[in-house]
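The values are calculated or read from the model by the stated rules, or taken from the named source; none is laboratory data. The structure presented is a predicted model; accordingly, all values stated were derived computationally and were not measured. Cβ: placed from backbone, ideal geometry, glycine included. Neighbour counts: every protein chain shown. Just the protein is used for accessible areas: all its heavy atoms, side chains included, with ligands, DNA and RNA removed. Shrake-Rupley method; radii C 1.70, N 1.55, O 1.52, S 1.80 Å.
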Amino acid sequence: MLGLSNLIKYHKIPLLFIILSGVFYVSFGYDLERTDSEKLLVLYVALFAFAFQIIKLSGFHFRLLVIASIVFRLLFLFAIPNLSQDFYRFIWDGRMILEGLNPYLYTPDSFIQNGKLPVKQAQELYNGMGALSSSHFTNYPPLNQLCFTIAALFSGKSILGSVIVMRVIIIAADIGTLYFGKKLLERLKVPSKRIFWYILNPFIIIELTGNLHFEGVMIFFLVWSLYLLHCGKWKWAAVVLACSISVKLIPLMFLPLFFWWFSEHKKDASTALSMTKLLSFYTIVGITTLMLFLPFFSMKFINNYTETVGLWFGDFEFNASIYYLAREIGYAITGYNEIAIIGKILPIVTLIIILGFSFFKKNHTIPKLTTSILLTFTCYLFLSTTVHPWYIATLVILCVFTHYRFPLAWSLVVVLSYLAYLNVDNSENLWIIALEYIIVFSVFIWELWQKRKLPVS
């Protein structure tokens, strides 16, 4: 009782903002249509303002911040996601596996059009996921599929039950990120309070816990891997990094950035030994990843999976920046949408940037490594044809370990991309997208100019 009275006495204002945040999160989760743009923007911006005040005024009362972050997530527990319909496909895939079917080998369309209902509530799930998802093969890696299967196993015929189980998994992953992120920050001798820029960020709470995007699970494994690497447990770090890749493929593009970690690490005795460790690290990552994919392996799986992943570069468009500029130039020159050509060129440019950061920047400390990962993934998103809001989550956690803060600004303004849902065909207003990226690029360029003066330890 004494502790509670002291908490109320000395933290009245933060507690007030926590209560207000709770009310707004409930409204967001249970009383918001994604077409209601005014309410969406008001709730979202207000929650950012409240989060800033909670972190600023709490005096780093660790227990208070942890409890608040968990409570905010639990408020969404029984809510059906209202900004994304991807969860219907998650449930479909999980129930497919429980029925003994390989989700990588069939599209939902292939069943429904033949009058077959392979899973419980198939028609409802099919209608919910939308035509874009139902017409393509699944692209979710095996550990992601494991989460879907666990949800199917414990939820029976209940869609809400599946949502709750998946939400609990994502919340548990965020708690794990809090734990290992704080420990890593402490080992780096930087303020551990930084981790709450991620944990209490309304964008993270809404997109991951609220909308059920499994970037949160991928991020948990990524942060855990970085912590193990910093502790010198590089073999286990490789295994855990493979788990991150097996949730989302994104960390695959980070692998070249580890090139200098072993060759420049102070514990290494020779170049030959460091190269052996580097190759061993890559081998462990590769073998572990392949083993996780093995239960689903077949030649048809390879064809379907590569085809689906390739669609993100050659067919899909959403919330892009540089690509949209290149597309307009293509229209002006040829009169057509040249996504087929541009979508092949931009990944090559991204690869060149990644290789440049890998071989010409010595990423042999965690701050340098995370800075390189942050900047290369930022370039990847800037050059992508499709940038869904939840992709920014990886940038938000990485910036915690660096001098950069532009991902925090992006996590605020990315909500503008949801205004596309105002239109019947979900078409984007390019002026609104331009506003989003003018803000993001302005902060990004300013920080590049400022941070070039600061040493990265």
Considering A131, A173, which residue is farther than 30 Å from F281 by Cα and either without any contact (Cβ under 8 Å) to a residue 12 or more places away in the chain or touching a Gly at 6+ places or on another chain (Cβ under 7 Å) (or both)? A131
Here's a check for you: in the range 319-332, which residue that is out of contact with any helix residue (DSSP H, G or I) (no Cβ under 7 Å at 6 or more places or on another chain) and free of Cβ contacts under 8 Å to residues at least 60 places away in the same chain is surrounded by the fewest Cβ atoms within 10 Å (Cβ to Cβ)? A332
Residue pairs within 9 Å by beta carbon, gap of at least six or interchain, first lying in the range 51-70 and charged (D, E, K, R), second open to solvent by less than 70 Å² (accessible area, probe 1.4 Å), listed first then second, are K56/P14; R63/L7
Being among the aliphatic types (A, V, I, L, M), assigned to a helix (DSSP H, G or I) and at pLDDT below 95: is that true of L64 here? yes
All but one of (1) in contact with a helix residue (DSSP H, G or I) (Cβ under 8 Å, 6 or more places away or on another chain); (2) of a type outside the set (F, W, Y); (3) surrounded by 17 or more Cβ atoms within 10 Å (Cβ to Cβ) hold for M96; which doesn't? (1)
For L290, which of the numbered conditions (1) open to solvent by less than 70 Å² (accessible area, probe 1.4 Å); (2) of a type in the set (A, V, I, L, M, F, W, C); (3) without any contact (Cβ under 8 Å) to a residue 60 or more places away in the chain fails to hold? (1)
Residue identified as closer than 25 Å to N102 by Cα and either charged (D, E, K, R) or out of contact with any Pro (no Cβ under 8 Å at 6 or more places or on another chain) (or both) among T306, T276, T334, T271: T306
Does the range 115-124 contain at least one residue that is surrounded by 14 or more Cβ atoms within 10 Å (Cβ to Cβ), within 27 Å of L294 (Cβ to Cβ), touching a helix residue (DSSP H, G or I) at 6+ places or on another chain (Cβ under 6 Å) and among the aliphatic types (A, V, I, L, M)? yes
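Residue-wise test of (1) open to solvent by less than 50 Å² (accessible area, probe 1.4 Å); (2) in contact (Cβ under 8 Å) with a residue 12 or more places away in the chain; (3) not β-branched (V, I, T).
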position	(1), (2), (3)
I284	yes, yes, no
P295	no, yes, yes
M299	no, no, yes
E307	no, yes, yes
E317	no, yes, yes
L346	yes, yes, yes
Scanning the range 157-179 residue by residue, those of a type outside the set (V, I, T) and either open to solvent by 30 Å² or more (accessible area, probe 1.4 Å) or under 18 Å from Y404 (Cα atoms) (or both) turn out to be K157, S158, L160, A172, Y179
P141 being within 30 Å of S298 (Cα to Cα) and modelled with pLDDT of 95 or more: yes
Can you tell which of V165, V119 is aliphatic (A, V, I, L, M) and part of a loop (DSSP other than H, G, I, E, B)? V119
Would you say I195 is β-branched (V, I, T), buried (at least 17 other Cβ atoms within 10 Å of the Cβ) and in contact with a Gly (Cβ under 7 Å, 6 or more places away or on another chain)? yes
Exactly one condition in (1) surrounded by fewer than 18 Cβ atoms within 10 Å (Cβ to Cβ); (2) of a type outside the set (G, A, S); (3) not in a helix (DSSP H, G or I) is false for L351; which is it? (3)
